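**Student:** Here's a structure for you.
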Amino acid sequence: MRKISIFGATGSIGQNTIDLINRNPEAYDIVALTGGANIERLAQDARRLNAGIAVTAHEDKLDDLRAALDGSGVEVAAGATALIEAAARKSDWVMSAIVGAAGLPPGLEALKQGATLALANKETLVCAGSLVMQTAQNHNARLLPVDSEHSAVFQALVGEDMATVERIVITASGGAFRDWPIADLAGATVEQASSHPNWNMGQRITIDSASMFNKALEVIETKEFFGVSPDQIEVVVHPESIVHALVGFDDGAVMAHMGAPDMRHAIGYALHWPDRRHLPVDRLNLAKLGQLRFIEPDETRYPALSLARQVMERGGLAGAVFNAAKERALDHFIARHIGFLAMADMVAAVLDRFDAENGLIDAPMTLDNIQQTDHLARKWVDEAVTQRAG
Ligand code: NAD
Ligand code: MG
């Protein structure tokens, strides 16, 4: 039986992973499942899958979790350190599906144990690209992409020589506001930003799709995962979300990956890799679709994309600053403290302030330095929000 752990099991990616596992439960031995505040769902899945341990990120929920799993034989724990301890338990395959920079420490720990890390948590590579790749190499661990675009690129590269890759094109749906007049974006509400035309995902990544911060993170993720240079990465808006990514080779050939927009494809590919197995996703009917559209992204509409270019040029801990500032600005948008467009303004201002005031951005890439940078970036966003309000 394969030993499997799922970090962020109660979320959108986590539940899709469990859906696949539930179709063949006898093949898997579930070492650890983790979640946040949704104790009922975490306990239910831990019980059903007979997990070794269930961990909630919230220390004040430990008693609830213990009560919910009473008599099940499933161990319980809570808090950030418990998450890392759970990641230290030997697993063959670990799904990294916590949202945000909080996914980095358990992911790094799983790599140190030599596990195969299925990476939905894009923040891991954005914040700590070279540290993560080096850790994987040192411990003979493997990273598999789960973000749909990166899984698509990974599949288009099977059997190919990276030296012949000219460019990588990742597609973007354009999110909730693709067709809105730019003048209306300032007034966009949390509810409007939280509905996605094609994908059914967690709220945070859905809002990041509307602002294209999600694509900005993915451009950086592409650079780190595939080791290409920033000028080899392109983004194209593709409203139908059928082509997930394309790889262009130096003989002019382009390999495109297509499929229905269903994350169970990318999750299942990573779960069964290097094999392909039957997956319960819709089959494409191109004639029924009729047409696929591709549009150049407008960077005045999506300033996050130019910020991603700036981050890649800047290097060092700029990715950690960018991600933390984005996460905190998103918290403030969701709490209705700031408007939709203020998110990009604040991230840009924090990046500039790091350049001007703080040498930390050029410090060596250690988990400690990343976390210090992350903390300061969030604090500066809070200060900017308070200033605006004042
Ligand atoms: P989600 O919000 O639905 O679920 C997040 C999970 O992380 C939950 O289990 C939650 O309890 C847990 N969590 C949240 N904060 C935590 C913290 N501080 N510490 C520990 N656990 C915490 O998110 P999602 O949409 O499933 O996305 C998960 C990750 O996968 C994100 O990095 C996202 O960018 C990426 N991703 C998601 C999709 C998708 O279709 N949902 C697609 C591609 C990539
Ligand atoms: Mg994606």
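**Student:** Any idea which of (1) in contact with a helix residue (DSSP H, G or I) (Cβ under 9 Å, 6 or more places away or on another chain); (2) over 22 Å from Pro106 (Cα atoms); (3) open to solvent by 20 Å² or more (accessible area, probe 1.4 Å) is the one Leu20 doesn't satisfy?
**Tutor:** So Leu20 meets the others, but not (3).
Quick grid of which residues meet (1) more than 10 Å from ligand 1 (Cβ to nearest atom); (2) not in a helix (DSSP H, G or I):
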{"site": "Ala67", "(1), (2)": "yes, no"}
{"site": "Ser72", "(1), (2)": "yes, yes"}
{"site": "Ile98", "(1), (2)": "no, yes"}
{"site": "Pro105", "(1), (2)": "no, no"}
{"site": "Gly114", "(1), (2)": "yes, yes"}
{"site": "Ser130", "(1), (2)": "yes, no"}
{"site": "Phe154", "(1), (2)": "yes, no"}
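**Student:** Then there is this: Looking at (1) within 20 Å of Ile205 (Cβ to Cβ); (2) surrounded by fewer than 20 Cβ atoms within 10 Å (Cβ to Cβ); (3) of a type outside the set (S, T, N, Q); (4) touching a helix residue (DSSP H, G or I) at 6+ places or on another chain (Cβ under 7 Å), which is the only condition Phe225 fails?
**Tutor:** (2)
**Student:** Could you tell me which of the residues Ala128, Ala77, Ala67 is surrounded by 20 or more Cβ atoms within 10 Å (Cβ to Cβ) and not assigned by TED's automatic domain parsing to the domain that holds Ser229? First the steps, then the outcome.
**Tutor:** Details: Ala77 fails: surrounded by 20 or more Cβ atoms within 10 Å (Cβ to Cβ); Ala67 fails: surrounded by 20 or more Cβ atoms within 10 Å (Cβ to Cβ).
Being surrounded by 20 or more Cβ atoms within 10 Å (Cβ to Cβ) and not assigned by TED's automatic domain parsing to the domain that holds Ser229 holds for just one of Ala128, Ala77, Ala67, which is Ala128.
**Student:** Report, ordered by the first and then the second residue, all pairs with beta carbons closer than 7 Å, sequence separation of six or more or different chains, a first member in segment 126-155 that is under 26 Å from Ala324 (Cβ atoms), and a second member that is within 13 Å of ligand 2 (Cβ to nearest atom) and among the charged types (D, E, K, R).
**Tutor:** Matching pairs, first to second residue: Val126/Glu221; Asp147/Lys122; Asp147/Glu218; Asp147/Glu221; Glu149/Glu218; His150/Glu221.
**Student:** Quick one: count up the residues across segment 271-315 that are over 30 Å from Arg2 (Cα atoms) and among the charged types (D, E, K, R).
**Tutor:** Going residue by residue through segment 271-315, those that are over 30 Å from Arg2 (Cα atoms) are 284-315.
After this cut, where a residue has to be among the charged types (D, E, K, R) as well, the list is 288, 293, 296, 298-299, 301, 309, 313-314.
The number of residues fulfilling the criteria is 9.
**Student:** Something else now. Kindly provide the set of residues from segment 194-207 that are within 11 Å of ligand 1 (Cβ to nearest atom) and either in the same structural domain as Gly319 (by TED's automatic domain parsing) or open to solvent by 10 Å² or more (accessible area, probe 1.4 Å) (or both), ordered by number.
**Tutor:** Within segment 194-207, His196, Asn198, Trp199, Asn200, Met201, Gly202, Gln203, Arg204, Ile205 qualify.
**Student:** Follow-up question, since we're still on this one. Criterion first (within 20 Å of the chain's Cα centre (by Cα), more than 21 Å from Pro145 (Cβ to Cβ) and not assigned by TED's automatic domain parsing to the domain that holds Phe7) does Ala325 satisfy it? Show your work before the answer.
**Tutor:** Working: within 20 Å of the chain's Cα centre (by Cα): yes; more than 21 Å from Pro145 (Cβ to Cβ): yes; not assigned by TED's automatic domain parsing to the domain that holds Phe7: yes.
Considered against the rule, which asks whether it is within 20 Å of the chain's Cα centre (by Cα), more than 21 Å from Pro145 (Cβ to Cβ) and not assigned by TED's automatic domain parsing to the domain that holds Phe7, Ala325 comes out as yes.
**Student:** To continue, here is another question. Return the pairs, sorted by first residue and then second, in which the second residue is of a type in the set (Lys, Arg) and open to solvent by 10 Å² or more (accessible area, probe 1.4 Å), the first residue lies in segment 241-253 and is away from ligand 1 (no atom under 16 Å from the Cβ), the beta carbons are less than 7 Å apart, and the residues are 6+ apart or on different chains.
**Tutor:** Gly248/Arg167
The values are calculated or read from the model by the stated rules, or taken from the named source; none is laboratory data. The structure displayed is predicted, hence computed values, not measured ones. Counting neighbours? That spans all protein chains shown, and the Cβs are built from the backbone with ideal geometry, glycine included. Side chains included, ligands, DNA and RNA excluded: accessible areas come from the protein's heavy atoms. Shrake-Rupley method; radii C 1.70, N 1.55, O 1.52, S 1.80 Å.
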